[in-house]
Amino acid sequence: MKIAISTGGGDAPGLNAVIRGVVLTAVDRGWECVGIRRGFHGLYDGSGVIPLGYEQVRGITHLGGTILGSTNRGNPFRWPVTDPDGTVREIDRSDELMAAFRRERIDALVSIGGDGSLAIAGELWRKGLNVVGVPKTIDNDVFCTDTTFGFDTAVSTATDALDKLHTTAESHDRVMVVELMGRTTGWIALHSGLSGTADVILIPEIPFDIEKVCEKIREREARGRQFAIVVVAEGAKSIDGEAVYLERRGSGTNERFGGIGEQVATAIAQRTGKETRSLVLGHLQRGGSPTTFDRLLALRFGSAAVRAIADGAFGQMVAYHPPTVERVPFSDVVGRTRTVPLDSGVILTARHLGICFGD
Ligand code: F6P
């Protein structure tokens, strides 16, 4: 049995731990492993596949990023090509990829990715490739799994940033607005905002009224608290507005969110007269060493993916349903987004603690 591993889409802390989990579990069975460079690019551009064994996965559990590299521009079914006149169009290169898998004599693929990469994995499986998926993303928005690896580390990084912003906000009597990642979901903003004692948390699942946000800041001021911390998920939108994008190159995963934090900060300054600063935490949330939780989850996911291959459970994704790692069919996962449930215990706790959601 020869297993290939691919890491696609935005990186997330824990990718290397998954790779180690796959490789050591496969080697334990006497199976062979290879890693495809940069998503599927290695099978297209000659940079190829690299052998993965004990040596290659030694000492990588704690490392952020991915030893294989990644890309969010390599969809084999919608591959962008630029015509001489500058027009960009998309072509289907999936047959070439299937041929490359056969050429490399790869029996099964472990595809580690978020919604976009898992959708591609599902399409490849329908074309006949033996695929098992592993859910990855700091955003925690993959359907059918209690959590993705990378999320816990991103939340820790964001919480640490909020702790640091508190001291400077309080020293200067300022409002600090922090924009966090999460695309169309507010998981990172909610969990770090609650843990990092934010006063306001704005998430895409709850459209906000800027006046309610300002009321909360004025109310704090009336109680002698001259500063405030406002956490804004990048996909948050006001009741009468749209999500704010840096770039829209099409639809779905090609959208780049960004800018809502600065808009909220400007509106707060105008309406309350308070000195306000904004900060985009950005890709810091994707970097660094995975937390213990993420390392453990990632190693378990990797190992479980190999057991799924051994059982012939293709077209499925390993998923965390605490305390066990289970399997769910791609068809249940793809095309769906796991948003924050509005009646969740975390939202309820935040409300009871006096945190404002702008509603
Ligand atoms: O999906 C992970 C994520 O980090 C999102 O939170 C963010 O919107 C996006 O990727 C940014 O992607 P990139 O800058 O790599 O295009």
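Given the range 131-273, what percent of its DSSP beta bridges are antiparallel, to the nearest 5? If you can, show how the numbers build up before the last one.
On the way: 3 of 14 bridges.
Of the beta bridges lying entirely in the range 131-273, close to 20 percent run antiparallel.
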Percent of accessible area on the range 1-155 owned by carbon and sulfur, 1.4 Å probe? 46 percent
Can you spot the lysines whose alpha carbon is less than 27 Å from Lys216's alpha carbon? Ignore those fewer than 8 places along the same chain. Lys164, Lys237, Lys274
Taking the Cα centre as origin and putting +1 on Lys and Arg beta-carbons and -1 on Asp and Glu beta-carbons, what dipole magnitude results for the range 17-134, to the nearest 20 debye? 240 debye
For the range 191-326, the fraction of alpha-carbon pairs in successive 10 Å shells from zero, as %: 10, 29, 25, 21, 11, 4, 0
Could you tell me what fraction of 2.2 N^0.38 Å the Cα radius of gyration of the range 1-110 comes to, as a two-decimal ratio? 1.15
Among DSSP beta bridges whose residues both lie in the chain, state the antiparallel percentage, nearest 5. 35 percent
Calculate, axis by axis, the spread of Cα positions in the chain along the three principal axes, and write the results as whole Å, longest axis first. 70, 52, 32
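Run lengths n ≥ 4 of DSSP H only: what is the helix-derived mean residue ellipticity at 222 nm for the chain, with -39500 (n - 2.57) per run over all residues, to the nearest 500?
-11000 deg cm²/dmol
If you scale each eigenvalue of the Cα gyration tensor by 5 and take the root, what three semi-axes come out for the range 80-175, rounded to whole angstrom and sorted largest first? Kindly include the intermediate steps, with their values, before the conclusion.
Values: eigenvalues 332, 92, 21 Å².
So the three semi-axes of the range 80-175 are 41, 21, 10 Å.
Kirkwood hydrodynamic radius, the range 257-359, all distinct C-alpha pairs: what's the number in Å?
Details: mean 1/r = 0.0550 Å⁻¹.
About 18.2 Å, per the Kirkwood formula over Cα pairs.
With the other protein chains left in place, how much accessible area per residue, in square angstrom, belongs to the range 157-243 at a 1.4 angstrom probe? Please report the intermediate quantities before stating the final value.
On the way: 3200 Å² over 87 residues.
Solvent-accessible surface per residue comes out at 37 Å².
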Whole-number value, in Å³ per residue, for the convex hull of the alpha carbons of the range 145-247 is 108 Å³
Amide H proximity to Val175 below 5 Å, modelled H, separation 5+ or other chain, gives Ala228, Glu275, Thr276, Arg277
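The values are calculated or read from the model by the stated rules, or taken from the named source; none is laboratory data. Everything numeric in this text was worked out from a predicted model, so none of it was measured. Here Cβ is always computed from backbone atoms with ideal geometry, including for glycine, and neighbour counts include all displayed protein chains. The area values use the complete protein model at the heavy-atom level, side chains included, leaving out ligands, DNA and RNA. Shrake-Rupley method; radii C 1.70, N 1.55, O 1.52, S 1.80 Å.
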